[in-house]
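Peer 1: I have a structure here, written as structure tokens, and I will follow up with some questions on it.
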Amino acid sequence: MAIYVMQTKLSPEALTRPESVVELNKRVEERIKKECPTVKWLANYAVLGPCDYLDIFEAPDADTATKVALIVRSFGHAT
């Protein structure tokens, strides 16, 4: 499987309460496990700069990696 790196920027609305980020991460994780069972999450880092997170994961192909990115965006709190 290939390794993919994804940078994510959260919307200001997602950052209003620290616990909301934890809840959002849990919901995203559950949906990815359900819809992309072959994806293996390797790391998730909070970073400084124009992006808030750096995610590293393995996926069998670019289509599956794209689906992961679209799932993250579908929650409306990330770009």
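The values are calculated or read from the model by the stated rules, or taken from the named source; none is laboratory data. None of these values were measured; they are calculated from a predicted model. The accessibility values were calculated without ligands, DNA or RNA, using every heavy atom of the protein model including side chains. Shrake-Rupley method; radii C 1.70, N 1.55, O 1.52, S 1.80 Å.
Peer 1: Which members of segment 13-48 meet the condition of being small (G, A, S) and more than 12 Å from the chain's Cα centre (by Cα)?
Peer 2: Matches in segment 13-48: A14, S20.
Peer 1: Only strands (runs of 3 or more DSSP E) wholly contained in segment 1-77 count here; list those with 2 or more residues that are open to solvent by 60 Å² or more (accessible area, probe 1.4 Å). Explain how you work it out, then say what you get.
Peer 2: Values: elements: 2-8, 40-46, 53-59.
Where strands (runs of 3 or more DSSP E) fall fully within segment 1-77 and carry at least 2 residues being open to solvent by 60 Å² or more (accessible area, probe 1.4 Å), they are 2-8, 40-46.
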